[in-house]
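Colleague: For reference, the structure I am asking about is given below.
The values are calculated or read from the model by the stated rules, or taken from the named source; none is laboratory data. Small disclaimer: the values here were computed from a predicted structure and weren't measured. Because the Cβ atoms are built from the backbone with ideal geometry, glycine has one as well, and the counts that use them run over all protein chains shown. We work out accessible area using only protein heavy atoms, side chains counted, and drop any ligands, DNA or RNA first. Shrake-Rupley method; radii C 1.70, N 1.55, O 1.52, S 1.80 Å.
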Amino acid sequence: MELIDKKNLDKLTALNNSHVLKIVNEFITLCKPSKVTIITDSEEDINYVRNRAIELGEEEKLNLKGHTIHYDGFFSMTNHDQARDKAHTQVLVSKEELELYPWINTMEREKGLKEVLEIMDGCMNGHECVIRFFCLGPKNSKFSILALQLTDSFYVAHSEDLLYRTGYEEFKRLNDSDDFFYFIHSSGELTGNPPVTKNLDKRRIYIDLKEGRVLSVNNQYAGNSLGLKKLALRLGIYKANNEDWLTEHYFIMGVHPKGKNRTSFFCGAFPSACGKTSTAMLPGQTIVGDDIAYLRVWEDGYAHSVNIESGIFGIIKDVNAKDDPVIFRALTTPRETIFSNVLIKDGAPYWIGDGRPIPDEGFNFSGRWKKGKKDENGIEIPLAHPNARYTIRIEELDNVDPNLHDPNGVPVHGILYGGRDSDTMPPVIESLNWEHGVFLGASIESETTSATLGAEGVRTQQPMANLDFMVVPLGKYIKNHQKFGARLDHCPKVFATNYFLKNEKGKYLNGILDKLCWVIWADGRVNGDFKAIKTPIGYIPEYADLKILFKQYLDKEYSEKDYIAQFSIRPKKILEKLDRIETMYEKEQNVPKFFLNILKNQRKSLKDLQRKFYIDNISPIMLKKLSDQEKLD
Ligand code: SPV
Ligand code: MN
């Protein structure tokens, strides 16, 4: 059989792009698929992808129209393909650059390429290779970058159809330029039914900055396999930081406070599984994107941002009618949706925390499952993986923002940063200025979650929630943030949130939807609606404002006792955090001066505060008195 038939070849040559042809030729020769199929933007071609995913068993249809289930590899609770594999994701750099990245897995380029290309030799044996073209960002936009994907997984190709804008026609307009990213992926040898990657020990995700490409093999989990998601994020960070714009791990949302005829746009970065998507999907607000954004300084003096994606690959755990009503409704009604690694019983999906009675048997990521099932090491297998996901188009949601595809993006009025922090920072603070905002973003800490392989609950540093994807030295990245803000006439206000504060007994101090009040408060601060209490670590809300917001938005009586428990400043804990930040940044070369100065000043003012109050929990009521007093002085 011919590898590529005339019809498909014509689709490829119609692009008139010699670089695409060269890449296809090189990797088809290396990966040795049995067939090559080119997918254009036509509905007929996209339907082919949907159907092949089912025929090959990579997806299975569920009861509701458009719903399918996909499983990623699972051999035990500690040996699986259910999350991003940080250890085998390597950034390929020159020998001289190896020292520059203490936080990133780096490998000498030549060595890394040799290793991964050897693994990729024949990796598509017996598989059909599908070639797809996408546009990262809105079409016809200054922001956007084109992307070419070769993969032997129709689940990957189908997911990308839900998550990205098609780009075949855009490639035609490239005029034989090589200005695009490219991604080669193979699931490698498969095993079982449904078919999953067999040789996880040979899983590799190698990022080749020099060529603007990523080579990914022996995996299926989307965070490892989908070129356009976290792999393109890394290439985007590299490009942006060597130019004059930003690529960030940001959601973008429209905030619409009740009774005010206005919209503000907020971006926000949170480490994986820390409430990022659910913030972007808060009831009453609109969503532009939930994961990755490009930002540029725009003619109107604002930063503008676009969502480079057009879909959501979201964590499904704890999505239920009460806490995430918009997503829950979308996931329980007919529309094109791929569920991954959840439990299926009688053709319906179930997941942890879905708020419904849970079946005690079914089919899940471990195969046939019964309550109490254990893996080969005696570890209990939950009904769905904690990192189980759903994939859906944003346009399918009731709360889609009308500016999703605007080639000019949306102006950014505010930025939220957050992490999973049980004992240090209050639920929301506003930075003292842009540079302090960059500092707050660069000092996010978070306890690890199931979104990456490895132990959960370990406190880690997560600058801008982007460290997992960093491909430039951190000092340079932070400096670029500072410079970016300095070029704006209208700098976004920056906020640090913490949804995960607990009391001494380990109980969360906030309800899941309380974040709506923090976001509305931030919007109010951007628009001059609220006064705030100035503290050494930033501005905090006044009780009277939050009391009204809790009543208005959540119909909750917000007590002063709760306010004090949540918004007390803990100098000792924060000083410990500053020590950890300092230890981290000490390892980095060329940390900008402004950052070190803020670190020094924060430490000094917290120590002053400690001397003034002699206690470790300083109530916001006392801080307000102090702040009012300082205003009078
Ligand atoms: C995240 O983990 O931040 C995600 C999902 O958005 S993944 O594609 O795995 O990165
Ligand atoms: Mn993410």
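Colleague: With (1) touching a strand residue (DSSP E or B) at 6+ places or on another chain (Cβ under 6 Å); (2) open to solvent by less than 20 Å² (accessible area, probe 1.4 Å); (3) of a type outside the set (D, E); (4) within 16 Å of ligand 2 (Cβ to nearest atom) as the list, and Q285 as the residue in question, which single condition is left unmet?
Modeller: (4)
Colleague: Regarding Y585, is this residue aromatic (F, W, Y) and either outside the structural domain of P473 (by TED's automatic domain parsing) or within 30 Å of Q482 (Cβ to Cβ) (or both)?
Modeller: yes
Colleague: Can you report the number of residues in the range 239-259 which are in contact (Cβ under 8 Å) with a residue 12 or more places away in the chain and either among the basic types (K, R) or over 20 Å from Y294 (Cβ atoms) (or both)?
Modeller: 5
Colleague: Moving on. Of everything in the range 553-588, what is touching a Cys at 6+ places or on another chain (Cβ under 9 Å) and touching a residue at least 60 places away in the same chain (Cβ under 8 Å)? Give them in sequence order.
Modeller: If the condition is that a residue be touching a Cys at 6+ places or on another chain (Cβ under 9 Å) and touching a residue at least 60 places away in the same chain (Cβ under 8 Å), then Y553 is the only one that fits.
Colleague: Taking G188, is it small (G, A, S) and surrounded by fewer than 18 Cβ atoms within 10 Å (Cβ to Cβ)?
Modeller: So G188 fails the test.
Colleague: Additional query: Could you check, for the range 534-542, whether at least one of its residues is closer than 20 Å to Q462 by Cβ, of a type in the set (A, V, I, L, M, F, W, C) and touching a Phe, Trp or Tyr at 6+ places or on another chain (Cβ under 9 Å)?
Modeller: no
Colleague: May I ask you to list the residues in the range 584-607 that are at pLDDT 95 or above and out of contact with any Phe, Trp or Tyr (no Cβ under 9 Å at 6 or more places or on another chain)?
Modeller: If the condition is that a residue be at pLDDT 95 or above and out of contact with any Phe, Trp or Tyr (no Cβ under 9 Å at 6 or more places or on another chain), then P592, K593, N597, K600, N601, R603, K604, S605, L606, K607 are the ones that fit.
Colleague: Considering only the range 336-347, I want to know if a residue exists there that is within 16 Å of ligand 2 (Cβ to nearest atom) and either open to solvent by 10 Å² or more (accessible area, probe 1.4 Å) or out of contact with any Leu (no Cβ under 9 Å at 6 or more places or on another chain) (or both).
Modeller: Yes, that holds for at least one residue.
Colleague: From the list F266, F251, F183, pick out the single residue that is aromatic (F, W, Y), within 16 Å of ligand 2 (Cβ to nearest atom) and crowded, with 24+ Cβ neighbours inside 10 Å.
Modeller: Residue meeting the stated conditions: F251.
Colleague: Among the residues of the range 22-36, which ones are closer than 17 Å to Y182 by Cβ and either of a type in the set (S, T, N, Q) or in a helix (DSSP H, G or I) (or both)?
Modeller: Once the filter is applied, which keeps residues that are closer than 17 Å to Y182 by Cβ and either of a type in the set (S, T, N, Q) or in a helix (DSSP H, G or I) (or both), the range 22-36 yields K22, I23, V24, N25, E26, F27, I28, T29, L30, C31.
Colleague: Can you tell me which of K210, K239, K258 is surrounded by fewer than 24 Cβ atoms within 10 Å (Cβ to Cβ), over 14 Å from the mean Cα position of the chain (by Cα), of a type in the set (K, R) and part of a helix (DSSP H, G or I)?
Modeller: The conditions single out K239.
Colleague: Give me a count of the residues in the range 269-282 that are open to solvent by less than 10 Å² (accessible area, probe 1.4 Å), over 17 Å from G441 (Cα atoms) and either part of a strand (DSSP E or B) or within 12 Å of ligand 2 (Cβ to nearest atom) (or both).
Modeller: 1
Colleague: For the range 183-194, enumerate the residues that are within 22 Å of I28 (Cα to Cα) and in contact with a Phe, Trp or Tyr (Cβ under 9 Å, 6 or more places away or on another chain).
Modeller: Those that are within 22 Å of I28 (Cα to Cα) and in contact with a Phe, Trp or Tyr (Cβ under 9 Å, 6 or more places away or on another chain): I184, S187.
Colleague: Continuing with this model, one more query. Which of the numbered conditions does I358 fail, given that it passes all the others? Conditions: (1) in contact with an Asp or Glu (Cβ under 7 Å, 6 or more places away or on another chain); (2) at pLDDT below 95; (3) more than 30 Å from I533 (Cβ to Cβ).
Modeller: (1)
Colleague: Within the group L174, L200, which residue is more than 15 Å from the chain's Cα centre (by Cα), within 27 Å of Q90 (Cβ to Cβ) and more than 14 Å from ligand 1 (Cβ to nearest atom)?
Modeller: Step by step, each of L174, L200 is checked, and only L200 is more than 15 Å from the chain's Cα centre (by Cα), within 27 Å of Q90 (Cβ to Cβ) and more than 14 Å from ligand 1 (Cβ to nearest atom).
Colleague: Moving on to the next point. Within the range 361-383, is there a residue that is within 16 Å of ligand 2 (Cβ to nearest atom), outside the structural domain of I145 (by TED's automatic domain parsing) and either surrounded by fewer than 15 Cβ atoms within 10 Å (Cβ to Cβ) or under 21 Å from the mean Cα position of the chain (by Cα) (or both)?
Modeller: Checked against the condition, which is being within 16 Å of ligand 2 (Cβ to nearest atom), outside the structural domain of I145 (by TED's automatic domain parsing) and either surrounded by fewer than 15 Cβ atoms within 10 Å (Cβ to Cβ) or under 21 Å from the mean Cα position of the chain (by Cα) (or both), the range 361-383 yields no hits at all.
Colleague: Scan the range 449-471 for residues that are within 20 Å of T497 (Cβ to Cβ) and away from ligand 1 (no atom under 12 Å from the Cβ) and jot them down.
Modeller: G457, R459, T460, Q461, P463, M464
Colleague: Looking at the range 1-21, can you tell me whether even one residue there is at pLDDT 95 or above, crowded, with 16+ Cβ neighbours inside 10 Å, polar (S, T, N, Q) and in a helix (DSSP H, G or I)?
Modeller: Within the range 1-21, one or more residues are at pLDDT 95 or above, crowded, with 16+ Cβ neighbours inside 10 Å, polar (S, T, N, Q) and in a helix (DSSP H, G or I).
Colleague: Given the criterion of a type outside the set (F, W, Y), away from ligand 1 (no atom under 16 Å from the Cβ) and at pLDDT 95 or above, identify the matching residue among G289, G268, G223, G254.
Modeller: Of G289, G268, G223, G254, the one residue that is of a type outside the set (F, W, Y), away from ligand 1 (no atom under 16 Å from the Cβ) and at pLDDT 95 or above is G254.
Colleague: For the range 144-180, give me each residue that is open to solvent by 20 Å² or more (accessible area, probe 1.4 Å) and part of a helix (DSSP H, G or I).
Modeller: Within the range 144-180, E169, E170, K172 qualify.
Colleague: Would it be correct to say that V591 is of a type in the set (A, V, I, L, M, F, W, C), under 18 Å from Y417 (Cβ atoms), touching a residue at least 24 places away in the same chain (Cβ under 8 Å) and surrounded by 19 or more Cβ atoms within 10 Å (Cβ to Cβ)?
Modeller: No; evaluated as a whole, the condition is false for this residue.
Colleague: Regarding the range 76-92, can at least one residue be identified that is in contact (Cβ under 8 Å) with a residue 12 or more places away in the chain, open to solvent by less than 20 Å² (accessible area, probe 1.4 Å), of a type in the set (A, V, I, L, M, F, W, C) and over 28 Å from L209 (Cβ atoms)?
Modeller: Looking through the range 76-92, none of the residues is in contact (Cβ under 8 Å) with a residue 12 or more places away in the chain, open to solvent by less than 20 Å² (accessible area, probe 1.4 Å), of a type in the set (A, V, I, L, M, F, W, C) and over 28 Å from L209 (Cβ atoms).
Colleague: Look through L453, L474 and report the one residue that is in the same structural domain as D291 (by TED's automatic domain parsing) and within 16 Å of ligand 2 (Cβ to nearest atom).
Modeller: Checking each option against the conditions leaves just L453.
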